[in-house]
Amino acid sequence: MSMLEIIQEASDLLGLSRPEVVISSVDKTVRALLAALNAEGKALSRRADWKALHQEVTFGTSATSEQYRLSDIAADFGRLINNSIWNRTTKQRIHGPLNPREWQQIQATSNPPMNPTYRIGGGMLYLYPPPEAGQSVSFAYISTFWCETPDHYGRTKFMADNDVGRLDEHLLMLGTVWRFLQSKGLPYGEPFAQYERAVHSALSRDGGRHELEMIPGLGQFSAPRAPDGNWNV
């Protein structure tokens, strides 16, 4: 569903005339709908670790604790997914994030930690102990690009009528409706409640779920499964 189609569906629910264009429109109501939609997209993208926004990046280390600005590693970096930093060269997980107190503590001790650690501060990524130069480190993160062009170029807001959402477009439409009503000082309680129910439903099924596998021998990454053996007690 394109941005224009999202606005048109929101207009239908609000009892407004369907716009033929959005970005080039000078109509104040259409501009308010667009502002509500972009506000919704930004808020919704920050609400959860939506699988549609998961990205992965790999970089080469420098031989210092201070590595790189995260925005230089990934231009669309929003936030890091916990427990996802691995040194692929040494095949070790990098533990963290350390808080400022923990970081200062390990800096002050004579012995480095048993496991490699990381800290994020001032938009920078720090590793300790300092790795060797040229090692391969990867991590998963949540992208700030919650919408995109038709040819999949990511955006942080809708900028063309044919842009499409990476997030659930039904949620974006419902969020536009209640945010538009709120901006106009109109009652929005029921539209907001409908939106919240839809968000919670989407969160419950986002990315699918593991099944409890009762058949042994399918491999450690196939699914969680009950242990082999006799279940009689």
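The values are calculated or read from the model by the stated rules, or taken from the named source; none is laboratory data. Just so you know, these numbers come straight off a predicted model, no measurement behind them. Glycine gets a Cβ as well: all are built from the backbone with ideal geometry, and neighbour counts include every protein chain shown.
Just name the residue that is surrounded by the most Cβ atoms within 10 Å (Cβ to Cβ) out of those in segment 133-149 that are touching a residue at least 60 places away in the same chain (Cβ under 8 Å) and either touching a Cys at 6+ places or on another chain (Cβ under 8 Å) or farther than 21 Å from T58 by Cβ (or both).
First pass over segment 133-149, keeping only residues touching a residue at least 60 places away in the same chain (Cβ under 8 Å): 133-147.
Adding the requirement that they be either touching a Cys at 6+ places or on another chain (Cβ under 8 Å) or farther than 21 Å from T58 by Cβ (or both) leaves 146-147.
Numbers: W146: 28, C147: 24.
So, considering only residues that are touching a residue at least 60 places away in the same chain (Cβ under 8 Å) and either touching a Cys at 6+ places or on another chain (Cβ under 8 Å) or farther than 21 Å from T58 by Cβ (or both), the one surrounded by the most Cβ atoms within 10 Å (Cβ to Cβ) is W146.
State whether one or more residues within segment 68-78 are assigned by TED's automatic domain parsing to the domain that holds V177, under 19 Å from K157 (Cα atoms), out of contact with any Asp or Glu (no Cβ under 8 Å at 6 or more places or on another chain) and not aliphatic (A, V, I, L, M).
Checked against the condition, which is being assigned by TED's automatic domain parsing to the domain that holds V177, under 19 Å from K157 (Cα atoms), out of contact with any Asp or Glu (no Cβ under 8 Å at 6 or more places or on another chain) and not aliphatic (A, V, I, L, M), segment 68-78 yields no hits at all.
Only residues that are charged (D, E, K, R) and either assigned to a loop (DSSP other than H, G, I, E, B) or surrounded by fewer than 14 Cβ atoms within 10 Å (Cβ to Cβ) (or both): list them for segment 99-132, please.
R101, E132
Across segment 149-173, what is the number of residues that are of a type outside the set (F, W, Y) and part of a loop (DSSP other than H, G, I, E, B)? Working first, answer last.
First, the residues of segment 149-173 that are of a type outside the set (F, W, Y): 149-152, 154-157, 159-173.
After this cut, where a residue has to be part of a loop (DSSP other than H, G, I, E, B) as well, the list is 149-152, 156-157, 159-163, 166-168.
Total satisfying the criteria: 14.
Residues that are buried (at least 16 other Cβ atoms within 10 Å of the Cβ) and among the polar types (S, T, N, Q), at least 1 per element: which strands (runs of 3 or more DSSP E) completely within segment 1-86 meet that?
Numbers: elements: 54-60, 66-69, 77-80.
Once the strands (runs of 3 or more DSSP E) in segment 1-86 are filtered for at least 1 residues that are buried (at least 16 other Cβ atoms within 10 Å of the Cβ) and among the polar types (S, T, N, Q), what remains is 54-60, 66-69.
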